[in-house]
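*Asks:* My questions will all concern the structure given below.
Read-outs: derived from the displayed coordinates by stated rules, not from any lab. These numbers were taken from a predicted model, which means no experiment stands behind them. Positions of Cβ are generated from backbone atoms using ideal geometry, with glycine treated the same way; all protein chains shown enter the neighbour counts.
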Amino acid sequence: MYTISRFSQLCKMSARMLRHYDKEELLKPVHVDITNGYRYYEKDQLETALLIKKLKEYEFSLPEIKTIVQASDRALFPKLVQSKINELSSEVNRYRQIIAEMQEMMDTNLDIIQGERRPYDIWLGMRNEIRILSQRLQIHIKDMDKYIDALYENAGQHQLPLLSTPSTVFFDEEFIPDHSDIELIVPIMHGNDKDEAASKEWHIKIWPETYVATTLHIGSYDDIGYAHIALEEWMESNGYQLASPPYETYLKGYECECDVREYVTQVFFPVIKTAE
């Protein structure tokens, strides 16, 4: 058997890291001396230690590595690797887009620190009563598109004719990306209630008529805060206040496979006149 110091040299891991892996039950020593607490490893464990190092290089998390190392099903490993390949490919594409935006900023001498606030046209109108397919969720905001797709799939399975593009109502008072309180909404045609299947995940309800102040935002979702600010300033100047949480309707988004600068989002503020 090897002492933790010698095993550390063999696998090129620090003793501190080996103790951490022991605590996480990822790579436990085969023997711990009860008198002095010394840890001992067998030469067969070198293969496991080197596998852990390689998986860390491949950006696997410790829980993922633990699943791979302890899995009895050998077919699980290629599936997890393919999933990680897809995840890293997505990250690479994201960094490529960031690099392209940075390069464009340099080429066009844009001052990103100064920023650019675009003008927004504001309209006030009545949103008519409408029947909607609705799902209230607490999710990571990056997963929203996945849930929108699932909502569309549910509508198709239950033969619910859709009338428009999806919307999202935001209930959080602050931005909490990993636990966003939202409601996904898709308008549907009127039908017979008895023909509309109930679900624990989504339900059908009536969205009542209300006045809405609205504007169009063209471009990345990162800049959509400017549209909200424009609507807030319009309310303040014209004597209105929010009647219910704001929502966004995605007229052109990720499904078009276009540049984010071509995205079109309509932002709605349900409003009522401020009491004088």
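*Asks:* Local charge sum around Ala243 (other residues, Cβ-Cβ under 13 Å, Lys/Arg +1, Asp/Glu -1)?
*Replies:* In short, +1.
*Asks:* Further question on the same structure: Please get the size of the charge dipole for region 1-159, origin at its Cα centre, with Cβ charges of +1 on Lys and Arg and -1 on Asp and Glu, quoted in debye to the nearest 20.
*Replies:* 640
*Asks:* Could I ask something else about it? For Lys12, which aspartates and glutamates qualify as cross-link partners when the Cα separation must be under 20 Å and same-chain residues fewer than eight apart are set aside?
*Replies:* Partners within reach: Asp22, Glu24, Glu25, Glu42, Asp44, Glu47, Glu57, Glu59.
*Asks:* Of the GluC sites (Glu not before Pro) in region 207-270, which ones lie in a loop per DSSP and count no more than 12 other C-beta atoms within 10 Å?
*Replies:* Filter output for region 207-270: Glu209, Glu257.
*Asks:* While we're looking at this one, here's another question. Defining a contact as two alpha carbons under 8 Å apart and six or more residues distant in sequence, what relative contact order in percent does region 11-132 show?
*Replies:* 12
*Asks:* At 222 nm, what helix-only mean residue ellipticity would the chain give, in deg cm²/dmol to the nearest 500, using -39500 (n - 2.57) for each DSSP H run of four or more?
*Replies:* -11500 deg cm²/dmol
*Asks:* Would you please state which residues of region 16-37 a label at Lys53 would reach in this model, taking the label point 7 Å out along Cα→Cβ and a backbone N cut-off of under 17 Å?
*Replies:* So the set is 16-22, 27-28.
*Asks:* Let me ask you something else. Pick out, from Leu242, Ser180, Ile224, the residue whose Cα sits farthest towards the positive end of the charge dipole of region 123-273, with +1 on the Cβ of Lys and Arg and -1 on the Cβ of Asp and Glu.
*Replies:* Leu242
*Asks:* As a quick test, which of the pairs Lys28/Lys146; Lys146/Lys273; Lys205/Lys252; Lys53/Lys142; Lys205/Lys273; Lys142/Lys273 have an alpha carbon distance above 32 angstrom in this structure?
*Replies:* From the list (Lys28/Lys146; Lys146/Lys273; Lys205/Lys252; Lys53/Lys142; Lys205/Lys273; Lys142/Lys273), the Cα-Cα distance tops 32 Å for Lys28/Lys146; Lys146/Lys273; Lys142/Lys273.
*Asks:* Given that compact globular proteins tend to follow 2.2 N^0.38 Å, what is the ratio of the alpha-carbon Rg of the chain to that value?
*Replies:* Expressed relative to 2.2 N^0.38 Å, the Cα Rg reads 1.45.
*Asks:* Using unit Cβ charges (K, R positive; D, E negative) and no other charged atoms, how large, in debye to the nearest 20, is the dipole of the chain about its Cα centre?
*Replies:* 1580
*Asks:* Multiplying the sequence separation of Ser244 and Ile68 by 0.36 nm and subtracting their Cα-Cα distance, what value in nm do you get?
*Replies:* Working it through step by step, the gained length comes to 58.6 nm.
*Asks:* Over region 123-273, what per residue volume does the convex hull of the Cα atoms give, in whole Å³?
*Replies:* Measuring per residue, one finds 113 Å³ for the Cα hull of region 123-273.
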